[in-house]
1. What number of residues within region 378-392 are more than 19 Å from the chain's Cα centre (by Cα) and assigned to a helix (DSSP H, G or I)?
2. Looking at region 346-361, which of its residues are surrounded by fewer than 17 Cβ atoms within 10 Å (Cβ to Cβ) and part of a helix (DSSP H, G or I)?
3. Within region 225-250, count every residue that is in contact with a helix residue (DSSP H, G or I) (Cβ under 6 Å, 6 or more places away or on another chain) and not in a strand (DSSP E or B).
4. Might you check whether a residue that is part of a strand (DSSP E or B) and in contact with a strand residue (DSSP E or B) (Cβ under 9 Å, 6 or more places away or on another chain) occurs anywhere in region 492-505?
5. Which of the residues belonging to region 203-228 are at pLDDT below 95 and surrounded by 23 or more Cβ atoms within 10 Å (Cβ to Cβ)?
6. Report yes if some residue within region 159-167 is in a loop (DSSP other than H, G, I, E, B), within 21 Å of residue 116 (Cα to Cα) and touching a residue at least 24 places away in the same chain (Cβ under 8 Å); otherwise report no.
7. Among the listed residues 80, 151, 64, 156, identify the single one that is in the same structural domain as residue 238 (by TED's automatic domain parsing) and surrounded by fewer than 23 Cβ atoms within 10 Å (Cβ to Cβ).
8. In region 256-274, how many residues are assigned to a helix (DSSP H, G or I) and either out of contact with any strand residue (DSSP E or B) (no Cβ under 9 Å at 6 or more places or on another chain) or touching a residue at least 24 places away in the same chain (Cβ under 8 Å) (or both)?
């Protein structure tokens with residue numbers, strides 16, 4: 001078994017490759033039934049700490065990255081965020097749109113060699129729909145699942161739900177990944193421990209060092225779709241024999257490893273190092289996705305002080321988005337305030353009724369905090385040390401809250417620890433928490449369906465557990481509408497209500513970049529970190 005030191009020092013095999021219809025030439029051997037050896041053996045990625053193997057139990061980014069390596073979806077969004085068949089060969093509708101008939105494509109196998117069956121898909125949909133916000137809307141709409149054959153199943157609706165395929169193919173966490181039935185029948189409130197998917201790579205469990213290293217190997221029996229990649233739809237070609245993720249917390253060390261050729265790809269480089277890397281001809285620095293990255297403060301609605309809506313509003317009034325984002329983004333052109341609960345680049349990204357988060361006035365915020373009856377309750381802020389952006393935002397927010405007069409305790413930790421701590425519903429004295437900063441892409445917050453934080457489902461919803469029945473009723477109306485114009489009106493009503501109750505506090509946005517070795521070919525923009533269809537060329 002290769003050690004981490006071996007992986008960092010190993011030389012990559014370099015050979016030329018060419019692209020045909022979006023695929024490198026060696027890809028066609030894999031499509032024909034058995035992979036040839038592509039240029040380069042190992043794709044080396046600067047990763048984050050992987051602690052959980054269950055993408056339904058947690059939305060932590062390292063788990064999402066792991067999941068997209070080994071699992072697949074029935075449908076997947078293209079570069080226009082339109083869902084396309086992925087594991088599905090296609091679907092039809094019956095009963096005036098009340099029954100969906102989904103057919104699986106040929107050649108689908110799990111990594112243990114078992115075929116993917118309708119029963120696996122149904123069990124996976126059920127488990128996902130018990131945890132995800134969009135999924136809960138699916139569960140409420142479905143009357144019955146029916147197995148027709150191992151490759152065909154039906155979803156019979158109890159009421160109209162025009163967004164079913166969008167739900168099954170959404171790109172943001174939690175995604176509806178298809179797992180073997182034995183895994184998908186595990187209680188969704190408990191973590192699965194197996195790591196068997198049907199995607200282009202399989203997980204090397206024996207090499208996993210939580211917090212330090214994880215690796216994947218090409219799944220030789222994977223049959224990709226024939227279409228070129230688009231978003232996360234289309235063919236997924238495993239361009240390397242191995243993909244290895246090494247955790248390097250210090251940004252300067254990570255940059256040095258990339259520039260020295262010890263690592264190939266850095267998906268989330270520190271913003272203040274981008275200009276240095278742009279000056280190195282062996283490194284490519286480019287925008288990772290077509291959408292921006294949005295940052296939010298998720299507060300705990302179950303415990304003081306943020307169970308008090310007046311306290312939430314006071315804090316929102318104290319935050320200056322421009323000052324906050326400027327602290328992590330040195331380029332003023334990329335400091336992007338967004339006074340909306342939606343992606344400001346999306347059609348829903350309106351800023352109506354946003355006065356509370358546009359205030360940015362510490363004096364007014366202090367007056368509001370006093371009027372709310374804040375009694376000096378401790379505020380525990382879960383502050384991750386990596387990635388650098390979240391670390392920087394936490395430092396600035398801590399300062400703002402102290403100036404506001406709040407009793408703040410900034411608890412520094414790695415992301416994996418935070419992902420576990422945020423599941424606690426206990427008071428802060430018993431290991432609970434008051435708030436944490438999180439980041440999502442524009443596609444993750446584009447509308448009420450995909451925005452996990454924009455809910456009022458209480459303890460059934462995402463961390464923070466905001467309880468707002470009116471907000472939930474509006475979301476139900478949005479889900480059931482088949483008229484885009486009507487949905488736009490309802491989306492605005494949802495935002496108006498959200499500004500009244502503040503399920504979370506929007507903090508602003510900036511662009512997201514990645515950096516990689518110039519000899520990598522086929523890197524493409526996607527709403528997630530996509531490591532398929534990438535190969536190595538012959539020049540650095």
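The values are calculated or read from the model by the stated rules, or taken from the named source; none is laboratory data. Keep in mind that what you see is a predicted model, and the values were worked out from it rather than measured. When we count neighbours, we look across all protein chains shown, and the Cβ atoms used for this are built from the backbone with ideal geometry, even at glycine.
1. Adding up the residues that qualify gives 1.
2. Within region 346-361, 355, 358 meet the criteria.
3. Going through region 225-250 one residue at a time, the tally reaches 2.
4. Yes - at least one qualifying residue is present in region 492-505.
5. Answer for region 203-228, where residues must be at pLDDT below 95 and surrounded by 23 or more Cβ atoms within 10 Å (Cβ to Cβ): there is none.
6. No: region 159-167 contains no residue that is in a loop (DSSP other than H, G, I, E, B), within 21 Å of residue 116 (Cα to Cα) and touching a residue at least 24 places away in the same chain (Cβ under 8 Å).
7. Selected residue: 64, the only one of 80, 151, 64, 156 that is in the same structural domain as residue 238 (by TED's automatic domain parsing) and surrounded by fewer than 23 Cβ atoms within 10 Å (Cβ to Cβ).
8. Residues flagged as assigned to a helix (DSSP H, G or I) and either out of contact with any strand residue (DSSP E or B) (no Cβ under 9 Å at 6 or more places or on another chain) or touching a residue at least 24 places away in the same chain (Cβ under 8 Å) (or both) within region 256-274 amount to 7.
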